[in-house]
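Heads up, the thing below is written out as structure tokens.
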Amino acid sequence: MSARDPPWGRFSRTRTQARSMLADEIRARRASAGHGEDGDDVLSMLLAARHEDGSPMGEEEVIDELMTLLVAGHETTASSLSFACADLVHNPAVLARLVAAIDAGEDEYLDATITEALRRRPVLPIAQPRMVVKPIEIGGHRYEPGIALTAAIYLIHHDETIYPDPYAFRPERWLGVRPGTFTWLPFGGGRRRCLGASFAQLEMQIVLRALLRQTTLSSGAPPERTARRHITHTPEQGARVTLRARTREREAVPA
Ligand code: HEM
């Protein structure tokens, strides 16, 4: 950063650079045979999408959609999956039960594991701040307009009056239990709740199922500390896990 850099100067330059790279890619795809609409990746789907009047998305719209997927959707989901793997290898009983459930084609324990991973390791420890627009009292404290409040997701997820033994990774706590609107907040809540929550959970389900059907997970390393990576929390070493192919074992597992 130079001494004369304006506030947000580096951010603005990086954003301009990223948008221009995406614009180049969109133009190259649109100039290609099939106009870039015949692939099976996300960009092809966006290029093939049509508004209600039949018109395609403009370049700016496609860039905005891609930015949302890349910035809000990629690192959050990847870090949540990393935490899930890191917790699984250090909880062998949970891992064994999960593998057995996946092999049996049952989703309940898989969903419970994902819910627990998102509780135990919320990659965004706080929700987006909300401005107070009219005076409000919360927990005996009065807040005036102009104050920004934020929900402390991590603290709520580790409140032992809500979650007994809150630091334990225990998917069993979710069997037959629906996550509470005000107590399970990995995706925030209210009107600004994460737009990609269902997509992210589906993605986690698909990845974990495929991973554990095809490989065994292990780790000789101690549990990793949490580190900050851009705006998300992530395992400090990126979740170092050893994967071994389950080929021989899988022959006995129905497809
Ligand atoms: C495990 C993965 C994810 C986690 C933990 C996560 C978490 C969050 C959280 C905590 C918020 C703030 C909500 C609030 O303040 O109430 C948020 C907002 C948002 N997320 Fe996600 N997210 C994930 C995946 C995704 C994906 C896959 C997408 C897009 C495809 C996405 C798009 C967004 C958008 C657009 C917002 C802003 C919503 C708004 O301000 O109205 N997120 N996310």
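Taking His141 as the residue in question, decide whether it is away from the ligand (no atom under 16 Å from the Cβ), out of contact with any Lys or Arg (no Cβ under 8 Å at 6 or more places or on another chain) and not polar (S, T, N, Q).
It is true that His141 is away from the ligand (no atom under 16 Å from the Cβ), out of contact with any Lys or Arg (no Cβ under 8 Å at 6 or more places or on another chain) and not polar (S, T, N, Q).
Does Leu66 meet the test of being at pLDDT 95 or above and crowded, with 16+ Cβ neighbours inside 10 Å?
Criteria not met by Leu66.
Being of a type in the set (Lys, Arg) and in a helix (DSSP H, G or I) is the filter; apply it to the range 1-47 and report the residue that is farthest from Asp64 (Cα to Cα).
Step one: list which residues in the range 1-47 are of a type in the set (Lys, Arg), which gives 4, 10, 13, 15, 19, 27, 29-30.
Now narrow it down to the ones that are in a helix (DSSP H, G or I): 10, 13, 15, 19, 27, 29-30.
Details: Arg10: 20, Arg13: 16, Arg15: 11, Arg19: 9, Arg27: 15, Arg29: 17, Arg30: 17 Å.
Ranking the candidates gives Arg10 first.
Report every pair of residues separated by at least 6 positions or lying on different chains whose Cβ atoms are under 6 Å apart, first residue within the range 224-244 and under 22 Å from Ile126 (Cβ atoms) and charged (D, E, K, R), second open to solvent by less than 60 Å² (accessible area, probe 1.4 Å) and not in a strand (DSSP E or B).
Note: pairs meeting the criteria are Glu224/Ala86; Glu236/Glu224.
Can you report the number of residues in the range 162-185 which are open to solvent by 80 Å² or more (accessible area, probe 1.4 Å) and either in contact (Cβ under 8 Å) with a residue 40 or more places away in the chain or aromatic (Phe, Trp, Tyr) (or both)?
Total meeting the criteria: 3.
Could you run through the range 128-148 and say how many residues are in a strand (DSSP E or B) and surrounded by 13 or more Cβ atoms within 10 Å (Cβ to Cβ)? Spell out the reasoning first.
Taking the range 128-148 and keeping what is in a strand (DSSP E or B), we get 130-131, 136-138, 141-143, 148.
Now drop any that are not surrounded by 13 or more Cβ atoms within 10 Å (Cβ to Cβ), which leaves 130, 136, 143.
Count: 3.
Testing Gln205 on (1) within 13 Å of the chain's Cα centre (by Cα); (2) loosely packed, with under 13 Cβ neighbours inside 10 Å; (3) more than 7 Å from the ligand (Cβ to nearest atom); (4) not small (Gly, Ala, Ser), one condition comes back false. Which one is that?
For Gln205, the failing item is (2).
Which of (1) open to solvent by less than 30 Å² (accessible area, probe 1.4 Å); (2) among the hydrophobic types (A, V, I, L, M, F, W, C); (3) free of Cβ contacts under 8 Å to residues at least 12 places away in the same chain is the odd one out, the single condition Leu98 does not satisfy?
Checking Leu98 against (1) open to solvent by less than 30 Å² (accessible area, probe 1.4 Å); (2) among the hydrophobic types (A, V, I, L, M, F, W, C); (3) free of Cβ contacts under 8 Å to residues at least 12 places away in the same chain, the one that fails is (3).
Tell me whether the range 51-63 contains one or more residues that are out of contact with any Pro (no Cβ under 9 Å at 6 or more places or on another chain), within 30 Å of Ala117 (Cα to Cα), assigned to a helix (DSSP H, G or I) and not assigned by TED's automatic domain parsing to the domain that holds Ala117. Show your work before the answer.
Just the residues of the range 51-63 that are out of contact with any Pro (no Cβ under 9 Å at 6 or more places or on another chain), to begin with: 51-61, 63.
In the following step, the residues that additionally are within 30 Å of Ala117 (Cα to Cα) were identified as none.
Checked the range 51-63: no residue is out of contact with any Pro (no Cβ under 9 Å at 6 or more places or on another chain), within 30 Å of Ala117 (Cα to Cα), assigned to a helix (DSSP H, G or I) and not assigned by TED's automatic domain parsing to the domain that holds Ala117.
From the list Thr226, Thr216, Thr161, exactly one residue is touching a strand residue (DSSP E or B) at 6+ places or on another chain (Cβ under 6 Å), more than 16 Å from the ligand (Cβ to nearest atom) and assigned by TED's automatic domain parsing to the domain that holds Leu98. Which is it?
Being touching a strand residue (DSSP E or B) at 6+ places or on another chain (Cβ under 6 Å), more than 16 Å from the ligand (Cβ to nearest atom) and assigned by TED's automatic domain parsing to the domain that holds Leu98 holds for just one of Thr226, Thr216, Thr161, which is Thr216.
So that you can scan it fast, the table gives a plain yes or no per residue for (1) surrounded by fewer than 17 Cβ atoms within 10 Å (Cβ to Cβ); (2) more than 12 Å from the ligand (Cβ to nearest atom):
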site	(1), (2)
Gly189	yes, no
Leu195	yes, no
Ala200	no, no
Leu211	no, yes
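Which one is least open to solvent (accessible area, probe 1.4 Å) among residues in the range 36-55 that are in contact with a Leu (Cβ under 7 Å, 6 or more places away or on another chain) and of a type outside the set (A, V, I, L, M)?
Applying the filter and picking the extreme gives Gly36.
Being under 14 Å from the mean Cα position of the chain (by Cα), of a type in the set (A, V, I, L, M, F, W, C) and in a helix (DSSP H, G or I) narrows it down to one residue among Leu95, Leu69; which is it?
Answer to the check: Leu69.
The values are calculated or read from the model by the stated rules, or taken from the named source; none is laboratory data. In this text, all values refer to a predicted model and were calculated from it rather than measured experimentally. Virtual Cβ from ideal backbone geometry, glycine too; neighbours counted across all protein chains shown. Ligands, DNA and RNA are excluded from the accessible area calculation, which covers all protein heavy atoms including side chains. Shrake-Rupley method; radii C 1.70, N 1.55, O 1.52, S 1.80 Å.
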